[in-house]
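The values are calculated or read from the model by the stated rules, or taken from the named source; none is laboratory data. Since the structure is predicted, the reported quantities are computational estimates derived from the model, not experimental observations. Note: ideal-geometry Cβ built from the backbone for every residue, glycine included; neighbour counts use all protein chains shown.
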Amino acid sequence: MDVAAVDRSQARPDPSGLRLTVVVFNGVSLGIMSFAFGVFDMAAHHGALPHLDVRVIAGEPDAAIRGGGLECAAPYDPAAIRDANLVIVPNWRSATEPPPAAVLEALRAAHANGARVAGLCSGVFVLAAAGLLDHRPATTHWAMAGLLAEMYPKIRVDASVLYVDDGDVLTAGGGAAGVDLGLHLIRGISGAEAASRMAKFMVVAPHRPGGQAQYIESPMPRLDEEDPVAETMSWALARLEEVLPVDMLARRAHMSRRNYDRRFREITGASPATWLTHQRVIRAQRLLEATGLPVDQIARDCGFSSAETLRPHFRKLVGVAPSTYRETFRTTGA
């Protein structure tokens, strides 16, 4: 399965009468708004959505869009949400703050009337608060995925994908993932040719490979060097290019293999072998970004026997091949 997106969609809006409402809250930035419906404006301008009706909804009293010294009040109130056939919520200021009740009620009503409802980045929390994501797959920005899963355990959160199309409810990760979702929606409404044309006009990929995994920062947990298992983790990190049998790490910690595995899972949530593979892939990411070394050499420097051995682990954890990752993230002049 392509990890860029999950698509379970079926019914599509009629392009001749797309009524799009974008729900904003006070202080939302112009940049966020461009991710929310810029691609739809572009499609309307170039004839792919000839009768697009866009309405910006104030999700709370006196909501205004700001940026670059500009300020623009949202002209419609939540009642307009009910008449839409596509509703987008691009952000919400705080995942832990309850969204306005009037917006939640209007979203539920629009959804019940047959509208498709989409949340981007932190806007996914508004859909979650409305109960529209219960027992569904969903994504959000990778940095907030854990909180979404914790606050709303009924949601099947998948932080690895750029967007999820579950038919009548859609969610996307942060920033440009909103553009990915917009192009996906246009592809379904007006056809693949129209979506590809919009992508060319916008100078973006019509369908990005991989998912959010390639953008996730993976900081090391803080280790207590007094803990014998933590000490072996630090020791192993300095020797990732070497063969590191777990039995050897257990002996270094003066522990039985069983006790070592148990304590290791308490610290990291993973088995020693899984953790080692993950750390080796992270090192490979850094070398792909910062050096011009051949992939085969990078693989050996990270403890893999060859590039062929590295590739399946890299693709599984990052979502794309090492060569694709390098093309996307290599530091200029490295």
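Of all residues in region 80-95, exactly one satisfies the criterion of being free of Cβ contacts under 8 Å to residues at least 40 places away in the same chain and either in contact with a strand residue (DSSP E or B) (Cβ under 7 Å, 6 or more places away or on another chain) or part of a loop (DSSP other than H, G, I, E, B) (or both), namely 94.
Just one of the numbered conditions (1) assigned to a loop (DSSP other than H, G, I, E, B); (2) surrounded by 14 or more Cβ atoms within 10 Å (Cβ to Cβ) is not true of residue 289: (1).
Of everything in region 234-273 that is closer than 16 Å to residue 309 by Cβ and exposed (fewer than 15 other Cβ atoms within 10 Å of the Cβ), the residue that is nearest to the chain's Cα centre (by Cα) is 273.
One residue alone among 174, 131, 167 is in the same structural domain as residue 188 (by TED's automatic domain parsing) and buried (at least 18 other Cβ atoms within 10 Å of the Cβ), and that residue is 174. Restricting attention to region 317-331, the residues that are part of a helix (DSSP H, G or I), surrounded by 14 or more Cβ atoms within 10 Å (Cβ to Cβ) and not hydrophobic (A, V, I, L, M, F, W, C) total 5.
I need the full set of residues from region 62-79 which are under 30 Å from residue 188 (Cα atoms) and in contact (Cβ under 8 Å) with a residue 40 or more places away in the chain, in order please.
Within region 62-79, 65, 74, 76, 78 meet the criteria.
Of all residues in region 146-182, those being touching a Ser or Thr at 6+ places or on another chain (Cβ under 7 Å) and either assigned to a helix (DSSP H, G or I) or under 22 Å from residue 113 (Cα atoms) (or both) number 5. Against the numbered list (1) buried (at least 20 other Cβ atoms within 10 Å of the Cβ); (2) modelled with pLDDT of 90 or more; (3) not in a helix (DSSP H, G or I), residue 298 comes up short only at (3).
For region 57-79, taking the residues that are on the phi > 0 side of the Ramachandran plot and not in a strand (DSSP E or B), the one that is surrounded by the fewest Cβ atoms within 10 Å (Cβ to Cβ) is identified as 69. Applying a threshold of 7 Å to beta carbon distances and a minimum spacing of six or more residues, or different chains, the list of pairs starting in region 239-260 at a residue that is closer than 13 Å to residue 271 by Cβ and in the same structural domain as residue 273 (by TED's automatic domain parsing) and ending at one that is assigned to a helix (DSSP H, G or I) and of a type in the set (Phe, Trp, Tyr) reads 249/260; 250/260.
If only residues of region 97-112 that are outside any helix (DSSP H, G or I) and touching a residue at least 40 places away in the same chain (Cβ under 8 Å) are counted, the one that is farthest from residue 80 (Cα to Cα) is 99.
Could you check, for region 238-245, whether at least one of its residues is part of a helix (DSSP H, G or I) and either within 21 Å of residue 317 (Cα to Cα) or out of contact with any Leu (no Cβ under 7 Å at 6 or more places or on another chain) (or both)? For region 238-245, residues part of a helix (DSSP H, G or I) and either within 21 Å of residue 317 (Cα to Cα) or out of contact with any Leu (no Cβ under 7 Å at 6 or more places or on another chain) (or both): absent. For the list (1) closer than 18 Å to residue 191 by Cα; (2) free of Cβ contacts under 8 Å to residues at least 60 places away in the same chain, I need the number of the one condition that residue 43 fails. Unmet condition: (2).
Check region 245-267 and report whether any residue there is under 26 Å from residue 142 (Cα atoms), touching an Asp or Glu at 6+ places or on another chain (Cβ under 9 Å) and of a type outside the set (Phe, Trp, Tyr).
First, pick out the residues of region 245-267 that are under 26 Å from residue 142 (Cα atoms): 264-267.
Within this subset, residues satisfying the condition of being touching an Asp or Glu at 6+ places or on another chain (Cβ under 9 Å) are 267.
From the residues that got through so far, the ones that are of a type outside the set (Phe, Trp, Tyr) too are 267.
Yes, because at least one residue in region 245-267 is under 26 Å from residue 142 (Cα atoms), touching an Asp or Glu at 6+ places or on another chain (Cβ under 9 Å) and of a type outside the set (Phe, Trp, Tyr).
Taken as a whole, the structure leaves residue 47 outside the set of residues that are surrounded by fewer than 16 Cβ atoms within 10 Å (Cβ to Cβ) and either charged (D, E, K, R) or assigned to a helix (DSSP H, G or I) (or both). Say whether the condition of being small (Gly, Ala, Ser) and touching a residue at least 24 places away in the same chain (Cβ under 8 Å) is met by at least one residue in region 144-158. No - not one qualifying residue is present in region 144-158.
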